[in-house]
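Trainee: Sharing a structure here in structure tokens format.
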Amino acid sequence: IVGDGRRVSATTIEMSSGGMSIKSAEDFSIGVPVEVSFALMTLPRVNVRAIVSWNKPRSLGVRFDSNDERRLKVKTWIDSYLEN
């Protein structure tokens, strides 16, 4: 996760085509713009702009920026994964 002047390593908890929940030792405030970078099993690394939509101790949720077309790679991958 890159945002708020920091670069933080984190672990994905859940993912959808609209966003993801993340386990992180560091907090980000709700509404902070971030860029998440991650790899899916059969895709090269994906970078997507997002907004922090919720936070709890040691976890947060981000909503992918609907104007960032790179999120479509995630949607296509998830749709394909669910079909198989």
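Trainee: Which listed residue (24, 53, 42) has the Cα farthest towards the positive end of the charge dipole for the chain, taking +1 on Lys and Arg C-beta and -1 on Asp and Glu C-beta about the Cα centre?
Mentor: Working it through, the farthest residue towards the positive pole turns out to be 24.
Trainee: Could you give the angle, 0 to 90 degrees to the nearest 10, between helix 71-83's Cα long axis and the longest principal axis of the Cα atoms of the chain?
Mentor: With rounding to tens, the tilt is 50 degrees.
Trainee: Two decimals is fine: what's Rg over Rh for the range 1-81, C-alpha atoms, Kirkwood radius as Rh?
Mentor: 0.94
Trainee: Oh, and also: List the relative contact order of the chain as a percent without decimals, with contacts defined as Cα pairs under 8 Å and 6+ residues apart.
Mentor: 27
Trainee: Also, I was wondering about something else. Based on DSSP H runs of at least 4 residues, each adding -39500 (n - 2.57), what is the mean residue ellipticity at 222 nm of the chain after dividing by all its residues, to the nearest 500 deg cm²/dmol?
Mentor: Calculated mean residue ellipticity at 222 nm is -5000 deg cm²/dmol.
Trainee: Could you report the chain's accessible area per residue, 1.4 Å probe, as an integer in Å²?
Mentor: Heavy-atom SASA per residue in the chain reads 65 Å².
Trainee: Further question: Compute the distance in nm between two label points, each set 7 Å from the Cα along the Cα-to-Cβ direction, one at residue 8 and one at residue 76.
Mentor: Using points 7 Å along Cα→Cβ, the separation is 3.1 nm.
Trainee: Ok, one more. Using the Cα centre as the reference, give the magnitude of the dipole from point charges on the C-beta atoms of the range 40-84 (Lys, Arg: +1; Asp, Glu: -1; all else neutral), rounded to the nearest 20 debye.
Mentor: Magnitude of the dipole: close to 260 debye.
The values are calculated or read from the model by the stated rules, or taken from the named source; none is laboratory data. In this text, all values refer to a predicted model and were calculated from it rather than measured experimentally. Ideal geometry is used to build each Cβ from the backbone, glycine not excepted, and the neighbour counts take in all protein chains shown. What goes into the accessible areas is simple: the full protein's heavy atoms, side chains included, and nothing from ligands, DNA or RNA. Shrake-Rupley method; radii C 1.70, N 1.55, O 1.52, S 1.80 Å.
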